[in-house]
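The structure appears right after this line, and notes come after that.
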Amino acid sequence: MKNLNAIRLLTLGVAVIMLLMMPLSAMLMWTAQDEALGKEVYAKRCQMCHGPDGKADTKAGQMTKTPDMTTGEWNHGTSQEDVEKLVREGAGKMKGFDGKLSDEEIAAVAYYTRKMCGLTEE
């Protein structure tokens, strides 16, 4: 009985640690509302350079040599976590949005961008 309780406690501890280590975005079930938020954030914060379809064929995109996100050639990774980090920290001429967007907005725009570029499993 004592060993069984120890095993249960250890299993529970491992499960809690795994949940705590998991990024917020990995725990979310994406809804139409999340996608709408991502689309709204993208339109306000990303579209000027990346274009409405991610091809970066805008004047600002050409001036800053913004890469076409639809080619599948992403320099900073394509996972949800990779894209969230990129949005948060920025890269090259792209400034990060840490402190300017909420975690929810960052997760939503990362998901929306990945979905727009065909990088999600849906």
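Could you run the Karplus curve 6.51 cos²θ - 1.76 cosθ + 1.60 with θ = phi - 60° over region 36-53 and give me ³J(HN,Hα) per residue in whole Hz, x for Gly and Pro?
5, 5, x, 5, 5, 5, 4, 4, 7, 10, 10, 4, 4, 9, 7, x, x, 10
Given C-alpha coordinates of region 26-71, what is the ratio Rg to Rh with the Kirkwood estimate of Rh?
That ratio equals 1.10.
Per residue of region 84-93, what does 6.51 cos²θ - 1.76 cosθ + 1.60 with θ = phi - 60° give for ³J(HN,Hα)? Whole Hz please, x for Gly and Pro, Karplus curve as stated.
4, 4, 4, 5, 5, 9, x, 6, x, 7
Return the long-range amide H neighbours of Gly51 (sequence gap of 5 or more, or a different chain), with a cut-off of under 5 Å between placed amide H atoms.
Ala56
What order do you get for 108-119, 49-60 when each peptide is scored by the mean count of other beta carbon atoms within 10 Å, highest first?
Averaged packing, sorted descending, gives the order 108-119, 49-60.
Here, each number is a calculation from the coordinates, and none is a lab measurement. Note that this is a predicted model, so its numbers are computed, not measured. Ideal geometry is used to build each Cβ from the backbone, glycine not excepted, and the neighbour counts take in all protein chains shown.
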